[in-house]
Amino acid sequence: MPNTRNWLVKPFVLCAALAVLVGGAKAADMPVAGGNDFVPMAPAGSIWAGPYLGFEAGGSQTVTDVKAGGQKKDYSRFDAAFGVFGGYNWEVSRVILGVEGAATYIGDRKKGHHPVLGTIETGSKWAVSTKARVGLPINNFMPYLSFGLAATDHSLKANGQTKNSVNIAPVFGAGLEVAMRDKWRLRADYSLSGITDSKDRYNGVEARRTAANHRLMLGISRGF
């Protein structure tokens, strides 16, 4: 998998995003001066169980290692990302089990220079994933883990040739979801997915490309 040194700061960013969600949820739960007292939310099962549909946006980084002629170089591109997601949750005892599908735009191609291949362009534009989720609800908060498979496109243009592929690889993630009023939910979600590990020839020069994608997304959804 590509070098991910630049992503050591991502857990801190995720924690900051989760803190914003928690603070917003607590503010929403405070009683309003001169109004009725806050009415406690329904039991956890009615908050989390059932189908849901949502939209998310955030940041995406695709990192690609290109090796040719004994020379290896990393190419990293950071982009805005957005997409839709939906799924279904089941409450089993005090644990929430779910399945979720998502389609996400994750960026564009990165242009750079390789010592052997010369000018190249590499990157990924979209990903489609199917994941299982395991959550532990605490009142109207639910931290969760996710894992599954993602189909992601990837391309490399070098020596006047372009190789495109769609690869299926594991995807892992974690996040925090906050249930609001009227079945609305907010969440912060981090995911890491492999993209490709392949060899191709570009006008007689063999090159190996290995790529992965990291995403930190903020989402809003509604249960039905």
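Neighbour counts of C-beta atoms inside 10 Å place Ile220, Ile138 in the sequence Ile138, Ile220, starting with the fewest. From the alpha carbon centroid of segment 153-218 to that of segment 123-145 is 16 Å. Under 18 Å from a point placed 7 Å out from the Cα of Phe82 along the Cα-to-Cβ direction: which residues of segment 207-221 have their backbone N that close? Those under the cut-off are 215-221.
Cβ-Cβ distance of Leu149 and Asp74, R₀ of 25 Å, FRET efficiency by 1/(1 + (r/R0)^6): the value works out to about 0.50.
Among Arg109, Arg215, Arg208, rank each residue by its count of other Cβ atoms within 10 Å, from fewest to most, as a rough exposure measure. Least crowded to most crowded, the residues run Arg208, Arg109, Arg215. Straight Cα distances below 14 angstrom link Lys125 to the aspartates and glutamates Asp79, Asp108, Asp153, with same-chain residues fewer than 8 positions distant left out. Residue pairs exceeding 25 angstrom between C-alpha atoms, taken from Lys72/Lys110; Lys72/Lys199; Lys110/Lys163; Lys67/Lys131; Lys131/Lys199; Lys131/Lys163: Lys67/Lys131; Lys131/Lys199; Lys131/Lys163. Can you sort Asp79, Asp108 from fewest to most other Cβ atoms within 10 Å of each residue's own Cβ? Lowest count first: Asp108, Asp79.
The Thr119 and Lys183 beta-carbon pair, evaluated with R₀ = 45 Å, returns a calculated FRET efficiency of approximately 0.30. Computed from the C-beta positions of Trp90 and Val166 and an R0 of 22 Å, the FRET efficiency is 0.10 to the nearest 0.05.
Bear in mind these aren't lab numbers, they're just calculated from the coordinates by the rules spelled out. Because the structure is predicted, anything quoted here is derived from the model rather than measured. Virtual Cβ from ideal backbone geometry, glycine too; neighbours counted across all protein chains shown.
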